[in-house]
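Following this message is one structure expressed as structure tokens.
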Amino acid sequence: MTGSNKLENGQQTSQFGLETQAIRAGHQRTGEGEHGEPIFTTSSFVFENAKEAAARFSGDQPGNVYSRFTNPTVRAFEQRLCAMESGDYAVATASGMAALLTTGLALLKSGDHVVLSRSLFGSTISLFTGIFSRLGVKSSFVELNDIDSWAESITSHTRLLILETPSNPLLELADISQLAELAHSKGVLLVVDNVLCTPVLQRPLELGADIVIHSATKYLDGQGRCIGGAVVTRCEEHYKDLFNALRTGGAAMSPFNAWVFLKGLETLTLRMRAHCKNAFDIATWLETRPEVSRVYYPGLASHPNHQLAVRQQNDLFGGMVSFEVAGGREGAWRVIDNTQLLSITANLGDTRSTITHPATTTHARLSEDERAAAGITEGLIRVSVGHEDVDDLCTDLLRGLSTPS
Ligand SMILES: *Cc1c(COP(=O)(O)O)cnc(C)c1O
């Protein structure tokens with residue numbers, strides 16, 4: 001069976017705006033008449049009789065069998081996110097990495113080739129250079145916004161192009177429509193990791209992407225509580241392959257986590273707008289500080305991809321801000337160690353602002369040359385801007401900035 005994962009109420013919700021879908025899509029009320037979504041904490045489901053069991057197992061009759069395959073709470077999350085990403089099918093996974101793993105297992109075979117942006121989440125790079133490479137899938141890496149390199153790297157064995165836009169931590173953008181056009185002209189699929197933007201800022205399927213990847217751990221939850229992920233598509237064939245890889249491979253989302261993410265989606269638009277506003281204010285303030293040599297934020301007119309961000313991201317620029325201070329590692333660590341409010345952690349997309357030194361944490365495994373090529377300098381600091389009072393956040397950053405070396 002393939003599960004009844006098609007957005008059954010798609011006809012009813014597709015005419016609604018994103019905020020309505022975020023609250024109304026997905027929940028199929030039970031006979032109890034509950035208003036909020038229930039959590040179905042059950043590993044398996046029972047059948048009326050042996051004949052029904054056989055029909056469910058063979059797939060002749062749609063319905064639940066086992067929560068590794070389908071679960072009503074998980075399905076509600078899948079359908080809600082699916083509606084928000086304007087997809088037709090979604091599978092929820094145990095983590096963002098499980099979403100990428102499941103996508104690879106579903107769509108790739110030995111001998112295939114993938115082209116990836118050099119500035120991807122570190123574990124995504126390891127997944128392809130380590131695990132998938134061992135399974136016979138070759139990878140090439142290109143500069144995110146160098147369209148010629150993408151085109152030149154595609155061979156007759158290439159199956160997927162994989163990217164994140166904006167990138168992390170330097171917040172460079174790629175033109176999704178342009179890359180989708182390139183991919184399709186060569187018979188290749190475009191996979192976009194939409195973790196940093198969420199469907200509030202950017203809906204890659206509407207721009208021509210074939211597969212959207214999420215780590216629900218970040219903004220979809222939004223309060224740093226649960227690990228989860230999802231894959232969204234418009235293609236039934238790809239969905240069947242994804243569903244099969246998930247039910248067999250087993251990287252399924254727990255119903256409890258799905259419920260937390262359902263609650264997260266309800267406030268996603270409000271929270272994303274608040275993240276963006278705070279991040280914009282902090283980026284603008286940082287640009288005025290003499291101690292800061294460079295600010296990376298797509299909302300600033302000084303950002304090289306600002307116009308693309310305006311067009312592609314719904315006039316919203318995200319909750320991440322990176323900046324460079326003088327004094328290299330010592331200067332950056334001074335700012336980080338003098339904070340009293342910001343949390344020193346690499347997680348992002350939380351109500352709590354977090355501060356990281358990429359060169360010695362998220363990008364520490366790269367060689368010095370690789371870091372230099374990627375633009376990750378020793379003076380670079382990344383902030384995931386949360387929902388605290390902006391004045392308090394600026395005061396907190398100023399403590400280290402204004403401390404003499
Ligand atoms: C965190 C993250 C992932 C991985 O998600 P997990 O839920 O941690 O497995 C993938 N891509 C991006 C852009 C991320 O930030």
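Going through the range 250-269 one residue at a time, which ones are over 18 Å from the mean Cα position of the chain (by Cα) and open to solvent by 60 Å² or more (accessible area, probe 1.4 Å)?
Those that are over 18 Å from the mean Cα position of the chain (by Cα) and open to solvent by 60 Å² or more (accessible area, probe 1.4 Å): PHE256, TRP259.
I would also like to ask the following. Within the range 93-115, can you find the residues that are part of a strand (DSSP E or B) and within 12 Å of the ligand (Cβ to nearest atom)?
THR93
Pick from the range 131-159 the residues that are in a loop (DSSP other than H, G, I, E, B) and under 18 Å from SER177 (Cα atoms): which of them is farthest from the chain's Cα centre (by Cα)?
ILE154
Out of the residues in the range 196-221 that are surrounded by fewer than 23 Cβ atoms within 10 Å (Cβ to Cβ) and in contact with a His (Cβ under 9 Å, 6 or more places away or on another chain), state the one that is farthest from THR158 (Cα to Cα).
So the residue we want is GLY208.
Under 7 Å by Cβ, and 6 or more places apart or on different chains, what pairs join a residue from the range 258-272 that is of a type in the set (Val, Ile, Thr) with one that is surrounded by fewer than 21 Cβ atoms within 10 Å (Cβ to Cβ)?
Note: pairs meeting the criteria are VAL260/ARG225; VAL260/CYS226; THR269/LEU18; THR269/GLU19.
While we're on this one: Filter the range 190-232 down to residues that are in contact with a Cys (Cβ under 9 Å, 6 or more places away or on another chain) and part of a strand (DSSP E or B) and give me whichever is nearest to MET84 (Cα to Cα).
Once the filter is applied, the top-ranked residue is VAL232.
Please count how many residues of the range 285-340 are open to solvent by 60 Å² or more (accessible area, probe 1.4 Å) and touching an Asp or Glu at 6+ places or on another chain (Cβ under 8 Å).
7
Right, another one. So, GLU164, is that one within 12 Å of the ligand (Cβ to nearest atom), of a type in the set (Asp, Glu) and over 21 Å from THR248 (Cα atoms) or not?
Yes.
The values are calculated or read from the model by the stated rules, or taken from the named source; none is laboratory data. Everything quoted here is computed from the prediction, not taken from an experiment. Don't worry about glycine lacking a Cβ; one is built from the backbone with ideal geometry, like all the others, and counts go over all protein chains shown. Ligands, DNA and RNA are excluded from the accessible area calculation, which covers all protein heavy atoms including side chains. Shrake-Rupley method; radii C 1.70, N 1.55, O 1.52, S 1.80 Å.
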